[in-house]
1. Could you pull out every residue, at least 5 positions away or on a different chain, whose amide H is within less than 5 Å of the one on Ser266? Hs are placed 1.01 Å off N in the peptide plane, and Pro or chain starts have none.
2. May I ask you to list the aspartates and glutamates whose Cα is less than 17 Å away from that of Lys282, ignoring any residue fewer than eight positions away on the same chain?
3. If we count other beta carbons within 10 Å of each Cβ, what is the order of Leu20, Leu4, fewest first?
4. Within 10 Å, Cβ to Cβ, of Ala134, how many net charges do the neighbouring residues add up to if Lys/Arg are +1 and Asp/Glu are -1?
5. Quick one: order Thr68, Thr183, Thr207 by neighbouring beta-carbon count within 10 Å, fewest to most.
6. Please list, in order along the stretch 238-244, the HN-Hα scalar couplings obtained from phi with the Karplus expression 6.51 cos²θ - 1.76 cosθ + 1.60 (θ = phi - 60°), rounded to whole Hz, x for Gly and Pro.
7. Which number do you get for Rg(Cα) / (2.2 N^0.38 Å) in the stretch 1-160?
8. What net charge do the residues around Ile144 carry, taking every other residue with its C-beta under 11 Å from that of Ile144, with Lys and Arg at +1 and Asp and Glu at -1?
Amino acid sequence: MRILVTGAQGILGQAIRESLASRNTLYLWGRDEGDVRDLERIRTSAKGIEFDAVIHAAAMTAVDRCETELDLAMATNRDGTRNVAALARERGATLVYVSTDYVFDGSKQGPYVEDDPPRPINAYGRSKLAGEEATREAGGKFLIARTSWVFGEGGKNFVDAIAEKLQRREAPEVVTDQQGSPTYARDLARGIEKLLRIGATGTVHVTNSGVTSWHGFAVEIARYLGSPLTVRETTSDRFPRPAPRPKNSVLSGERYRALTGESLPSWQEALHDYLGRRSVRKGAAA
Ligand SMILES: NC(=O)c1ccc[n+]([C@@H]2O[C@H](COP(=O)([O-])OP(=O)(O)OC[C@H]3O[C@@H](n4cnc5c(N)ncnc54)[C@H](OP(=O)(O)O)[C@@H]3O)[C@@H](O)[C@H]2O)c1
């Protein structure tokens, strides 16, 4: 496939480059090729290239900053998506819009299915939901791939933050009252590729398998690294942040499984793979 990727310097963008380049022709766009808020600029950048799909991974992802910079969040996540969707439609390509568990309010008991009504509780979630609506309204072929708790090379992520704390011999304190499915950017990239290859459209949840809390996630990081430190428990009300987070971020993998005949690996396997590669990288850098 020929795939145009926006946000190529972000966590997912880098994983797409690592995991998909050998089987596909990739056009990797960072900000230099076009700020997605500028439709004419991205049209110009796309002149002379042919692509079957656009994986739109560019987004304003700083969840707390979105609370105070809502205009920028909407300009990037809603209007930018409308622009990328227009480009994809004009060129007859399938748009993959990468969306988030944060479109839900977290009050459901059990995993969210694709058709559950979204009800975001923070500005980031509202801007990403507006991006979903822009994707549907554009009139082209689209796939909305909702994911959650992404970790991977090339950006700030929870796994590195906890690992670095443990290595400084500081015991992390982590919330127990938010549940979700950590997702390795490489598995997400491969999952999206699989969905594109089978021609899936509409909305599909794409996460690693299994459920944990942020605390459980941190405990597994400490265990894998052989840290003697205890990961201390806390709760969201004792750890207030500008943007409220949903308590339940668990996305059902049933539709993904029905479409592809398989599930993404467990979050533990994915975490071990990431931490193994991370120690090789650190070793190589030392
Ligand atoms: N990370 C998560 O936990 C998570 C969870 C659910 C869904 N998602 C979604 O997954 C997708 C990929 O996220 P990620 O984790 O890879 O995020 P990321 O590491 O923050 O990458 C996003 C990239 O988009 C770029 N970008 C921001 N505004 C732009 C603009 N106006 N024009 C062009 N590029 C722009 C950023 O560049 P700068 O660094 O220069 O700003 C960055 O390289 C996003 O749609 C996100 O909403 C992420």
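Here, each number is a calculation from the coordinates, and none is a lab measurement. If you're wondering where the values come from, they're calculated on a predicted model, not measured in any experiment. Every residue, glycine as well, gets a Cβ built from its backbone with ideal geometry; the counts of neighbours run over all protein chains shown.
1. Residues meeting the amide H criterion: Ser209.
2. Once the sequence-local aspartates and glutamates are set aside, what remains near Lys282 is Glu153, Asp160, Glu164, Asp273.
3. Values: Leu20 21, Leu4 28.
Arranged by neighbour count, lowest to highest, Leu20, Leu4 become Leu20, Leu4.
4. Values: positive: Arg78, Arg82, Arg136; negative: Asp79, Glu132, Glu133, Glu137.
Charge balance in the 10 Å sphere: -1.
5. Values: Thr68 11, Thr183 25, Thr207 32.
Arranged by neighbour count, lowest to highest, Thr68, Thr183, Thr207 become Thr68, Thr183, Thr207.
6. For the stretch 238-244, the Karplus curve yields 8, 9, x, 10, x, 9, x Hz.
7. Numbers: Rg = 15.3 Å, N = 160, 2.2 N^0.38 = 15.1 Å.
In units of the globular-protein estimate, the stretch 1-160 measures up at 1.01.
8. 0
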